[in-house]
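Everything on this sheet refers to the single structure shown next.
The values are calculated or read from the model by the stated rules, or taken from the named source; none is laboratory data. Here the structure is a predicted model, which is why all the values come from computation and not from measurement. Because the Cβ atoms are built from the backbone with ideal geometry, glycine has one as well, and the counts that use them run over all protein chains shown. When the accessible area is computed, the model is the full protein with side chains, heavy atoms only, and any ligands, DNA or RNA have been set aside. Shrake-Rupley method; radii C 1.70, N 1.55, O 1.52, S 1.80 Å.
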Amino acid sequence: MIEKYGLQLVRLDLPFRLNHVNCFLAEGENGFTVVDAGLHNEQTVKRWGIELDQRRVTDLIITHYHPDHFGYAGGFQEKYGARVSMSQVDAENGLYAWEEELLTTLEKNYGLSGIPDEAAREMIENTRDFIPRVTPYPNVDHYLKDGEKLKLGNLEYEVIFTPGHSEGLVTFYNKEENILLGTDHILPRITPNISHWFHGDPNPLKSFYQSLDKIAALEVDLVIPSHGDPFHNGHERVLELKAHHEERLDQTLEIIQKPCTVYEACELLFNKKLTVHEMRFAIGETLAHLEYLRLEGKCGRELQNNHYVYQETGI
């Protein structure tokens, strides 16, 4: 489907339940541009070696700082000499998210969230385990700007900032063909994780809503996502994503009719067996919904016995 637009899909394996990430390759006048790099592991390095054999790479565009997109960026840059572009806020997040300063504050924040000590230690170690998968860090040569134009394959795209899933996530829109490279902002079968990471954007779910509205105004048809297959009627998927989070907010409000820590609310919202990796995202998404409700004045938060406790205000 996407070859006619001058795009080549490079689907990289991931060692998670979400088992792949879609990266893209597009030929330009002076060489190839790559969109996203995958995790830094042996399989990724080998796969890019095959895909880029005898090809000159000029540019690497990173859509956001999460490891499955950003992880191999530095190693890729070292090997291929590519110019790296991404948003400034996510470039900064990518240099911070796995450093000891943040890992140290996680212990305190997980404690405030009511997470049992052993589970918190496992989650922190899981974060630390990503360090070799995201290093070396890239030297970012260019910060993408909202509204900037860039050529990918046969088409020119507008860079659209769509924070929510990450603070600096970008998507790419072509008006003539009504196509959106939706990255992790709009996915076909799953909802993008919207997490509060105890730093950065204080209300990521509100940012996500605003970003969805920005895309809804375009009435996008074809969406080419970073996970899953391309799909049509993207504007309808936007409505489904908003409805999902409205439902989750209602569930969260019902849960916190009685006082709850973040951990207690998370266990009720995600009533299934989760890996340590998945638990990190479940806690982050629970906190994002709780903070959205608090900042909307629909619940309160108090510090009790060294834990934050949320409760619906009854408004």
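So for the stretch 255-315, considering every pair of alpha-carbon atoms, how many percent are separated by more than 17 Å?
Beyond 17 Å sits 37 percent of the P(r) for the stretch 255-315.
Each label point is 7 Å from the Cα along the Cα-to-Cβ direction; what then is the distance between the points at Leu103 and Asp141, in nm?
Going by the 7 Å Cα→Cβ label model, 3.1 nm.
So if I place +1 on the C-beta of Lys and Arg and -1 on the C-beta of Asp and Glu, and nothing else carries charge, what would the dipole magnitude of the stretch 203-310 be about its Cα centre? I want it in debye, nearest 20.
Working: 12 positive and 17 negative charges, 79 e Å.
It comes to approximately 380 debye.
For the pairs Lys46/Lys149; Lys151/Lys175; Lys149/Lys242; Lys4/Lys214, flag any whose C-alpha to C-alpha distance is greater than 25 Å. Please list the in-between numbers first.
On the way: Lys46/Lys149 32 Å; Lys151/Lys175 13 Å; Lys149/Lys242 28 Å; Lys4/Lys214 27 Å.
Check vs 25 Å cut-off fails for Lys46/Lys149; Lys149/Lys242; Lys4/Lys214.
Quote the Stokes-Einstein diffusion coefficient, in whole µm² s⁻¹, for the chain, based on the Kirkwood radius over alpha carbon pairs, a temperature of 37 °C and a viscosity of 0.692 mPa s. Numbers along the way, then the final one.
Working: Rh = 20.3 Å.
Calculated translational D: 162 µm²/s.
Please give me the summed charge of the neighbours of Asp68: other residues whose Cβ is under 12 Å from its Cβ, Lys and Arg +1, Asp and Glu -1. Mind showing how you got there, number by number?
Details: positive: Arg11, Arg133; negative: Asp13, Asp36, Asp184.
Within the 12 Å Cβ shell, the charges total -1.
How much net charge surrounds Glu101 when only other residues with a Cβ under 14 Å from its Cβ are counted (Lys, Arg +1; Asp, Glu -1)? Don't jump to the answer; show the numbers that get you there.
On the way: positive: Lys108, Arg128; negative: Glu92, Glu99, Glu100, Glu107.
So the surrounding residues net to -2.
Rounded to whole Hz and in sequence order, give me ³J(HN,Hα) for the stretch 65-75 from the Karplus expression 6.51 cos²θ - 1.76 cosθ + 1.60, θ = phi - 60°, writing x for Gly and Pro.
Working through the residues one at a time gives 8, 5, x, 6, 10, 9, x, 8, 4, x, x Hz.
If you stretched the chain out fully between Asn306 and Leu274, how much longer would it get, using 0.36 nm times the residue separation minus the C-alpha to C-alpha distance?
Gain on stretching Asn306 to Leu274: 9.0 nm.
Quick check for you: with a 1.4 Å probe and neighbouring chains kept, what is the accessible area per residue of the stretch 195-315, in Å²?
About 49 Å² of surface per residue is accessible.
Toward the positive end of the charge dipole of the chain, about the Cα centre and with charges on Cβ (Lys, Arg +1; Asp, Glu -1), which of His227, Asn19, Leu212 goes farthest?
So the residue we want is Asn19.
For the chain, give the percent of accessible area contributed by carbon and sulfur heavy atoms, probe 1.4 Å, rounded to a whole number.
On the way: 6790 of 14630 Å².
Answer for the chain is 46 percent, counting heavy atoms of protein chains only.
Tell me the relative contact order for the stretch 264-315 as a rounded percent, counting alpha carbon contacts under 8 Å between residues six or more apart.
Numbers: 33 pairs, mean separation 12.2, N = 52.
Normalised by residue count, the contact order of the stretch 264-315 is 23 percent.
Taking the Cα atoms of the stretch 89-175, what is the range of coordinates along each of the three principal axes, in descending order and whole Å?
In descending order, the Cα extents are 52, 27, 18 Å.
Using only Cα atoms, find the angle between the long axis of helix 117-128 and the longest principal axis of the chain, and express it within 0 to 90 degrees, rounded to the nearest 10.
That helix lies at roughly 10 degrees to the long axis.
Could you pull the Cα extents of the stretch 3-48 along its three principal axes, largest to smallest, in whole Å?
For the stretch 3-48, the Cα extents along the three principal axes come out at 36, 20, 13 Å.
Give me the aspartates and glutamates in straight-line cross-link reach of Lys145: C-alpha distance below 20 Å, same-chain residues under 8 apart excluded.
Counting by Cα, and skipping residues close in sequence, Lys145 has these aspartates and glutamates nearby: Asp36, Asp59, Asp90, Glu92, Glu156, Glu158, Glu167, Asp184, Asp201, Asp213.
Note down the relative contact order for the stretch 1-143 as a percent, whole number, built from C-alpha pairs under 8 angstrom at least six residues apart. Working shown, then result.
On the way: 232 pairs, mean separation 31.1, N = 143.
Contact order relative to length: 22 percent.
In degrees between 0 and 90, to the nearest 10, how far off the longest principal axis of the chain does helix 276-295 point, with axes built from Cα atoms?
In the chain, helix 276-295 runs at an angle near 70 degrees to the longest axis.
Can you tell me the orientation of helix 42-51 relative to the chain, as the angle in degrees between its alpha-carbon axis and the longest Cα principal axis, to the nearest 10?
With rounding to tens, the tilt is 30 degrees.
Taking the stretch 213-315, which trypsin sites (Lys or Arg not before Pro) meet the DSSP loop condition and have no more than 11 other C-beta atoms within 10 Å?
Those satisfying the criteria are Lys272, Lys273.
Take every Cα-Cα pair in the stretch 188-296 and report what % of them are more than 24 Å apart. Could the numbers behind the result be given before it?
Values: 1723 of 5886 pairs.
Cα-Cα pairs in the stretch 188-296 separated by more than 24 Å: 29 percent.
Would you mind calculating the relative contact order of the chain from Cα pairs under 8 angstrom and at least 6 residues apart, reporting the percent as a whole number? Don't jump to the answer; show the numbers that get you there.
Numbers: 596 pairs, mean separation 45.6, N = 315.
Relative contact order comes out at 14 percent.
Which whole-number value in Å² is the accessible area per residue of the stretch 1-127, probe 1.4 Å?
46 Å²
Would you work out if the stretch 135-227 is rounded, prolate or oblate? Take a ≥ b ≥ c from the square roots of the eigenvalues of the alpha-carbon gyration tensor; rounded if a/c is under 1.5, else prolate when a/b is larger than b/c, oblate otherwise.
On the way: a/c = 1.75, a/b = 1.20, b/c = 1.46.
In terms of gyration-tensor shape, oblate.
Report the net charge of residues surrounding Tyr308, where surrounding means a beta-carbon distance below 13 angstrom and charges are Lys +1, Arg +1, Asp -1, Glu -1. List each step's numbers first, then the result.
Numbers: positive: Lys108, Arg294, Arg301; negative: Glu264, Glu291, Glu302.
Here the charged neighbours net out to 0.
Check each of the GluC sites (Glu not before Pro) in the stretch 56-123 and keep only those in coil by DSSP with at most 14 other C-beta atoms within 10 angstrom; list them in order.
Working: sites: Glu78, Glu92, Glu99, Glu100, Glu101, Glu107, Glu118, Glu122; in loops: Glu99.
Those that pass, being in a loop and sparsely packed, are Glu99.
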